[in-house]
1. Suppose every K and R has +1 on its Cβ and every D and E has -1 on its Cβ; what is the size of the dipole of the chain about the Cα centre, in Debye to the nearest 20?
2. Cut-off 10 angstrom, C-alpha nodes, Gaussian network model of the chain. Which of Ser257, Ser232, Ser246 fluctuates the most?
3. State the extension gain, in nm to one decimal, for the chain segment bounded by Val109 and Ser227, taking 0.36 nm per residue of separation less the distance between their alpha-carbons.
4. Quote to one decimal, in nm, the extra length available between Thr89 and Asp245 on full extension: 0.36 nm per residue of separation minus the C-alpha distance between them.
5. Using a Gaussian network for the chain with springs between C-alpha atoms less than 10 Å apart, which of these wobbles most: His70, His83, His210?
6. For every helix of n ≥ 4 consecutive DSSP H residues, a contribution of -39,500 (n - 2.57) applies; sum these over the chain, divide by its total residues, and give [θ] at 222 nm rounded to the nearest 500 deg cm²/dmol.
7. In the set (i) 1.26; (ii) 0.98; (iii) 1.02, which value of Rg/Rh (Cα atoms, Kirkwood Rh) was calculated from the structure you see?
8. Suppose R0 equals 41 Å. What FRET efficiency, 1/(1 + (r/R0)^6) with r the Cβ-Cβ distance, do Val14 and Val253 give to the nearest 0.05?
Amino acid sequence: MSVQGYLGIPRIEVMIPSSVEEALNLLQTHPDAEILAAGTHIITQLTLGAKRTRKYIDINNLHHLRKISHHKGVATVGSLVTHQELASTLINHVPAFTTFLQKYSSPAVANRATVGGSIMLRSAGEDLIPILLTLDAELSFATPEGVKNVPLTAFLAGGFGGRGLLQTVSFKLNGSCFFDKLWMGVSRIPLISVAVSSEGDDGVRVAVSHKDGSTPGRVATVEKFLSTHVLSEEVVEKASRLMMDSINPESDVLASSWYRRRVAGVLLKRLLQNLRR
């Protein structure tokens, strides 16, 4: 197998569509191909020999996927928008994006990694996902059958299994949305992260990076409890303990499931105290 450059990346085939329609045609005619955006994850996996895919559809020429807009309290973000662009543009509308940037692993990655790439990974290591979960994010896919809108919660549960191109992510702009995480050392690899947002009379949304194993998700038991209680100190304590009992994070070389559960409870407590202020 031939390799490219000093990184030792295997030889790959890259196709570059100039329209969404062309990208969809390529997805249909090359079922073994994957979408390539920034490549921050794919290039690493290729270098490590952990990825076998050798065909990629580079969508970076689809410039309309780099737009951010908001109207009547709802933001619509193109899948090629970078993490830095997203957070810096909407930071005054969603306080969680302040912490998201402050605790980001690397400015270089923040300026490359895309919103769409993070979502498609469905990974606990993607800090953006818990925030978007609390904001009721909805994904818009272009497919050969037309546009399909899928709630982020359903997507993470495997609700979209077809071949399509993620075009936009829409979510509420909420000034009472907060985020925090615990990371490992100078690498800032996230061990676990939690996000909350207050919906007023509709209660509080709670999401965690490791809801089940390494899959992010909303924590319905905690949300249900908070929906019937005023945020007192006692309620915050009970919600923190309930969080620990309601998630089943994976154990790996970075942290045990036991440790992640307890840290999640502590992070939730801090965030709920922010909501009380």
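1. Dipole of the chain, to the nearest 20 debye: 520 debye.
2. Taking springs between Cα atoms under 10 Å, the residue moving most is Ser232.
3. 38.8 nm
4. 52.5 nm
5. Among His70, His83, His210, the largest GNM mean-square fluctuation belongs to His70.
6. Working: 11 runs with 97 residues, N = 277.
After summing the helix terms and dividing by residue count, I get -10000 deg cm²/dmol.
7. It is the one labelled (ii).
8. Numbers: r = 33 Å, r/R0 = 0.81.
For Val14 and Val253, the calculated efficiency is 0.80.
Read the figures in this text as sums done on the coordinates, not as results from a lab. Since this is a predicted model, take the numbers as computed values, not measurements. We place every Cβ from the backbone using ideal geometry, glycine too, and count neighbours over all the protein chains shown.
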